[in-house]
Structures are given as C-alpha cells and as structure tokens.
1. Can you run phi through the Karplus equation (6.51, -1.76, 1.60; θ = phi - 60°) for region 108-118 and list ³J(HN,Hα) in whole Hz, with x for Gly and Pro?
2. Report in % the part of the accessible area of region 99-220 that belongs to carbon and sulfur, leaving out ligands and nucleic acids; probe 1.4 Å.
3. Say a paramagnetic label sat at a point 7 Å from the Cα of N151, along Cα to Cβ; which residues of region 104-138 have their backbone N under 19 Å from it?
4. Once phi is turned into ³J(HN,Hα) by the Karplus curve 6.51 cos²θ - 1.76 cosθ + 1.60 with θ = phi - 60°, what whole-Hz value does each residue of region 209-224 show in order, with x for glycine and proline?
5. How much space per residue, in cubic angstrom, does the convex hull of the C-alpha atoms of region 104-230 take up?
6. Add +1 for every Lys or Arg and -1 for every Asp or Glu among the other residues with Cβ under 9 Å from the Cβ of Y123, and state the total.
7. I need the fraction of alpha carbon pairs in region 89-178 separated by more than 18 Å, rounded to a whole percent.
8. Just the ratio, please: alpha-carbon radius of gyration of region 161-213 over 2.2 N^0.38 Å, N its number of residues.
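The values are calculated or read from the model by the stated rules, or taken from the named source; none is laboratory data. The structure displayed is predicted, hence computed values, not measured ones. Positions of Cβ are generated from backbone atoms using ideal geometry, with glycine treated the same way; all protein chains shown enter the neighbour counts. Side chains are part of the model used for accessible areas, which takes the heavy atoms of the whole protein and leaves out ligands, DNA and RNA. Shrake-Rupley method; radii C 1.70, N 1.55, O 1.52, S 1.80 Å.
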Amino acid sequence: MPALVGTLALPAYAFLPGGRLPGGPTQFSLSVAEAQAVEVSVNAGGATLSTDGYAVTTKAEIDAAAAAAAEAEAEARAAELASRAATGDYARVAQQAEGDDYPWWYETPDDYGGGLSPLRYYYRECVDFVAWRLNRDAGVYGAPWKWDWSNLASGSAWTWADSWRSKGWPTSSEPVVGAVAWFPYNHVAYVQAVNGDGTVTIEEYNWNSDHSYHRRTISVGDALYLYPPA
C-alpha cells in the first residue's frame, strides 16, 4: 500500500535522456543522448535540386510527322519502281476488246461460302480473274490450264510481286499490254491498254471487295507491272 501511495504521489514527469528531469539545461547534448554525429559532404550540401521535364506533343505535330513518313515512303517506292527495267523473256500480248469475259462471274465468292475455281483460286477474286486472263492470252480456255495456283502465285495478291521475282520473271515500272498491275494494298489487275497520256487502262475483279468486274484508268506510276510469263 505505501508503494502504491508513493507511486500515485509522484508527479507525471517525463525523463530526459540520461535520467534528468525537466528544469535542467535545455541545450541538446549528443553525448547525453548517445546519438551518432552525421557528417554531410560539401558536395552533397551544394547539390542543386533538379526535376524531370516533360514535353507535350500536339496533334498537329503528330499529324505532320505521319504525313512526312508517308511522303518518304511514297518517294522511296517511286524511286524503287523507277529503277526497275524489264529483263528476261516474257509473252508479247495483242490487245483485245474490253469487257467482262470472266467465265465464273455467277459463282458464289468465298465470303459467302463459295469454293475454288478450276484455276484453284477463290471465285471472283482479283487473282482468279487475272489468272484467267493470262490463260486466255496464252490461248488456253479450259483444262489443262497453263497457269493456275500451282505454278503462278499464291492466293494472296500481296505475294505476287515476290513470286515473279523468285521465278526470274520480269517486272517493271513501265506497263505493257497483258501485264499484271500489282498494287501494294493486296490487289492485282490486268493491263488492258497503255495510253499515250501517262495513264493505263486496267480491268479487274473485286476492287472495293465487291467481287464484281471493273474497268478504270490509273496513272502509270500507281502500280508495279508484272510482265506476262512466256
């Protein structure tokens, strides 16, 4: 009981480090606090504060960069086409009358469940129409076909230029009648006529993905020309 009374009678003082009570010297002592001294380097003390900087790219700048890249790509492609000259033998084709002579114009295209034509491309695709024209120009109108998927090019028009090159067949930036007009957006057409004003008349199927026949005039520089194989 005396211990309890003694405890309750003590004032609620907090002891400073070293066991001292308040009221003594107020200057902090490292030795009494048993703390470690920290030395700051002169270099660290004189360092300047830096913050990250952020640059905001505007829509106009993005559009300008995209336009410049597209222009550079177009110029590179034009230069590549201009450097081409047809070398090697190819079939010389007489110009024939315009018109849709594709024999399977009524067949169901692949988009609607249709199958392969006798040339082993899907009905009413651009590649099937051009393969038909190459056979027609070679005087072949039925089986056995001279040209089909097995010895011409794959079903993707995108690969036709590479296929021509791999076979050593000539390609050129200069069109000739009967050539295949090849476009980098996965399309091929047939060169019907080379006009004297820097344009070419082409015939094609499935332009705009409609599986139909079209005739149009383009600038000579709009396509690469795959010469008809001999």
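1. Using θ = phi - 60°, the values come out as 6, x, 4, 4, 10, x, x, x, 8, 7, x Hz.
2. Reported share for carbon and sulfur atoms: 50 percent.
3. Zone members listed by number: 117-121, 128-138.
4. 6, 9, 6, 10, 7, 9, 10, 8, 10, 10, 6, 3, x, 7, 9, 9
5. 99 Å³
6. -3
7. On the way: 1908 of 4005 pairs.
Value for region 89-178 (Cα pairs over 18 Å): 48 percent.
8. Working: Rg = 12.0 Å, N = 53, 2.2 N^0.38 = 9.9 Å.
Against the empirical 2.2 N^0.38 Å value, I get 1.21 for region 161-213.
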